[in-house]
Each structure stands twice: as C-alpha cells, then as structure tokens.
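Scroll down for the structure; my scribbles are underneath it.
Read-outs: derived from the displayed coordinates by stated rules, not from any lab. A quick note: this is a predicted structure, and the numbers were derived from the prediction, not measured. Here Cβ is always computed from backbone atoms with ideal geometry, including for glycine, and neighbour counts include all displayed protein chains.
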Amino acid sequence: MKQSAGSRRHLPSSPFNRPAQADPPVELFDVGDRVSHDQFGLGRVLAVEGDNDAVLIDFSGQQGRILSPYSKLTKL
C-alpha cells in the first residue's frame, strides 16, 4: 500500500516555514559624532562619504575609513 503525499502533516514549528528576518537598518553618521569601534576604540567622525557608504574617523590621532555596514561601530 502506498500513502499519498497529501496526507502528510506540516508542523507549524518547522524551520522551513519561518519568514526571513529583515536586516537591521544601517546606522547613519554625521560629521562630529562620537563613536566607538570594537577594535580601534573611541573616535570622532571627520567625514561621511557618499550616501553613508563610508565614514572617516579619527581614533586618537590615527585615522580610519570604515565601510558600510558598520557592524563593529556604534554611535555614542
């Protein structure tokens, strides 16, 4: 005897039924904002390139260019 495919139950807790989670919004920075970076520490935004595609930051005399998305950079 064969069972038809239509008689299978679909569990609501199946990982395949979950909707995709949306990415968190990209944080926007302005010139003069104080920021903290996981590797470089505290800094201040010197310039914003393009439509927040990259930011130039002064980390205590050392300048760094951080590209979007800013996963390790937080605004203070």
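Table: residues versus (1) part of a strand (DSSP E or B); (2) surrounded by fewer than 12 Cβ atoms within 10 Å (Cβ to Cβ).
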residue: L28; (1), (2): no, no
residue: V31; (1), (2): no, yes
residue: S36; (1), (2): yes, no
residue: R44; (1), (2): yes, no
residue: N52; (1), (2): no, no
residue: D58; (1), (2): yes, no
residue: I66; (1), (2): yes, no
residue: Y70; (1), (2): no, no
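The set of residues in the stretch 53-75 being touching a residue at least 12 places away in the same chain (Cβ under 8 Å) and touching a Gly at 6+ places or on another chain (Cβ under 8 Å) consists of I57, D58, F59, S60, G64.
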